Every structure is written in C-alpha cells, then in structure tokens.
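Working notes for the structure below.
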Amino acid sequence: MPSHVLIHPEARWRLPSTIPKRHARKKPMNEPDPNTSRPLSGAKAWIITDGKAGMVVQARGVADALGLDYEMKDVHPTGIWRVLAPWGPVNPAERLGEQGSEFAPPWPQIVIATGRASIPYIRAIRGKAGPATYTVVLQDPKSGANTSDLIWVPAHDRRRGPNVTTTITSPHSFSQSRLAALRTELPAEITNLPPPRVAVVLGGKNGVYKYNEADDVRFAKSLESLAALGASFMITSSRRTHQRLVTAVDKATRNAPRILWTGEGKNPYANFLAAADALIVTADSVNMCGEACATGRPVYIFAPTGGSAKFTRFHEALATRGATRELPEQFTQLETWDYSPIDAAQAIAAEIERRYGRRKHMLAGATS
C-alpha cells in the first residue's frame, strides 16, 4: 500500500519530517521474458556488486533478460583493499578460488559485476576460471579493457573498444512483459485515479545538479498548471529528494487526486510506471529516466540548475529518439506522442549471447 493516498481533493495529508530511503531487494528475482527463447536461459551465474540499489538494478536487469539462474554476491572490501579497488587485488584472506571461499569452483558460466568494489573480484575470477566463464562488467571499470570479456557503458560515456558495447539508457528489469503483467493487476488505489494519470518521479541534488529554491518553485508551478487541467498524480520520492522539493510538490498537487509515496509500506514505483499515461522525471538520474522510457509513454524531463556534458549527451539522445521532451513551465495541454520503448537490458543481453556463442564455437573448434 502506498504510504499516502489522496483520491478526494478535500482530504488532508501530513508531510513526514524525513524521507525514508528505498530499500533494494538483494535476493535474486529471475524474470526472463516468457515470450523469448534465450540461449543462456538457466545458465549458472554470479552477480557481484557492493549492494547499492542502482548497481543491483542494472546487473539484475541484464541477468533477467538473459534468463540466468543467478546468485547475488555482495562484496565490501575494507582497509587498504577498499582503497586499492578497482586496480588492486582481492584481499588474500578471502582465499578466492579455494574451497570454503565465497568465490570457489565450480565456476559459473557467466559473471556480471558492477561498481569499483567488484572489479578486483571479477578480474581474479577471470584469471582462475579461464574462458569457460564469460565475464561482463557494467559501467567503466577504470582498470582497463582486459578487466572482463565484455564491458557495457552508457552511450554518453566516452569509453570505446573492441569489447565495449553501449546503449542510450541503463539496463533494468522493466521488460515489456513485466510492465504488461503489472497493468493487469494494478491496485484499486491506482485504478481509482481519474485519467490522465501522471507519474512524477523525483530525484534530487547530486554532484552536477544543484536544485536551488527557484528550481523547486518552477517545478511546482508546472505541476500546478497540469493539475488545473484535471490530471491525477502518482508521485514518488527517492533517497536524494530534499524536503523543500517534496513540500513544493505536495502544495502544488494537494487539490488534485493523487498518490504520494515517501517510503512507508510496499513500494508502488513499478505500478506507477505501468499505470502512467505520461511521466515527469527529474533529469538528475540516468536510471530513473531510462526506466520511464521503457514504458513507451510520453516522458517529460525537468532539468534543475546545473548539469554536465555527460548528462547533456544523455538527454539529447533520449530527445532525438523521440522519447522525451522538456517539461514546460506551464501546461496548456498534456501532449501525447509515440516511440518504441527503450530496453537496454534486452540489447545488452543480445550482445552477450552473440559474443558468448561465438567464443563457445571457437573453443569447440580448438578442442576438436
């Protein structure tokens, strides 16, 4: 259940003093597309991350697209071993490759790693397991092209090479089949909202986006104008969302039918994506923007003060693809447009399958 539901404008809601952090599910949830036959479906795999939600989402998205039978392995090096990552070795005390270690034979067919803490582990596994284990790193490992068999980076990143593949957005688990399934079982709190239903996905301040007070006011005025047109809202904050922005959004939408989730109870984010007729996403999160563009529904991007060359390249690519438009300061109508849903996980999975199959063929030829 969402923590705050307003179907009637007259209802009142008390704003919490803090915004709880979303909790990432760390256990594997394999959701291969039932409509697709995948050559690596059921293959044993490891996913190595430091447990951060953004890293887990990306790696699990690719594993789900492949249909892997995977095990999550969180790593948390300490002391000098943490400082040396991603360039240094694994702490010898972990006895990687020896029986009793968390990383010991039998080696899996696939290892996916993401995040600097994971890089020493995948590099060591690649050395010990040999070509029978195919290694994949998501995001630039910073430790060179030989870190793994395949490296994925977003297209706005500058790394390129023979073993590098790119996509516009980051991978995630919101496949078309999953979104379609979610749309068949939406909770009453969402289906009771009058159309058009607009999902509002709030990020917050980071290293490049500043969010001054004028930004919050500008964002709130845009939502006010949309509410005046009769839209309903499904609003979710994140761990980076500052209280001033939540307060502004609350005030702007309090007279409209809405659901506002701030952390208590079951996270309705997936249902929000599936149910939205249109989406508004803040520009500061590549992951959130990419997940919104998986829906195939119109996506408006709100850009606060700041930005960087990387973010500019990312948002220009989404706009060129026809998925996003800039959030207007005042709505006079809610526009609609069509584009093919963007699914990076499926594209990365297809590239892994192609390269894995090619190497398997080469290895078979070498041993025949």
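No value in this document is a laboratory result; all are computed from the given coordinates. For clarity, every value in this text was computed on a predicted model and none was experimentally measured. Neighbour counts run over all protein chains shown; Cβ positions are idealised from the backbone, glycine included.
At a Förster radius of 41 Å, what calculated FRET efficiency corresponds to the Cβ-Cβ distance of His76 and Arg158, to the nearest 0.05?
The value I calculate is 0.90.
Return the distance in nm (one decimal) between the two label points of a simple spin-label model at Arg354 and Ser308, each offset 7 Å from Cα along Cα→Cβ.
Those two pseudo-labels are separated by 2.9 nm.
Using packing as a proxy for protection, rank 274-283, 288-297, 69-78 so that the peptide with the highest average count of other Cβ atoms within 10 Å comes first. Write down the numbers at each step before the final one.
Numbers: 274-283: 22.4, 288-297: 24.8, 69-78: 16.9.
Taking the mean over residues of other Cβ atoms within 10 Å, the ranking is 288-297, 274-283, 69-78.
Name the residues whose placed amide hydrogens come within less than 5 Å of the amide hydrogen of Glu71, ignoring near sequence neighbours (fewer than 5 apart) on the same chain.
Sorted by chain and number, the residues that satisfy this are Ala45, Trp46, Ile47.
For a quick check: with amide H placed at 1.01 Å from N, whose amide H comes under 5 Å from Thr167's, ignoring anything fewer than 5 positions away on the same chain?
HN-HN under 5 Å from Thr167: Val153, Ala155.
Working out 0.36 nm times the residue gap between Leu84 and Val217, then minus their Cα-Cα distance, what length gain in nm do you get to one decimal?
Additional length available on full extension: 43.5 nm.
Taking K and R as +1 and D and E as -1, what net charge do the other residues with C-beta under 14 Å from the C-beta of Pro86 add up to?
Cβ neighbours under 14 Å give a net charge of +4.
Students often check this: by mean Cβ neighbours within 10 Å, which of 92-101, 109-118 ranks highest, and how do the rest follow?
In decreasing order of mean packing, 92-101, 109-118 become 109-118, 92-101.
So what's the gap between the Cα centers of the stretch 213-249 and the stretch 77-130, to the nearest angstrom?
Taking the Cα centre of each part, the stretch 213-249 and the stretch 77-130 sit 43 Å apart.
Using a 10 Å cut-off around each Cβ, can you sort Asp157, Asp284 from fewest to most neighbouring Cβ atoms?
Working: Asp157 16, Asp284 26.
So the ranking, lowest neighbour count to highest, is Asp157, Asp284.
Using the beta-carbon distance between Ala132 and Lys251 and R0 = 56 Å, what value does 1/(1 + (r/R0)^6) give for FRET efficiency, to the nearest 0.05?
Step by step, r from the Cβ atoms, then E = 0.45.
Suppose a student asked you for the relative contact order of the stretch 149-249, using Cα pairs under 8 Å spaced at least 6 residues apart; what percent would you report?
Numbers: 84 pairs, mean separation 27.3, N = 101.
Over the stretch 149-249, the number comes to 27 percent.
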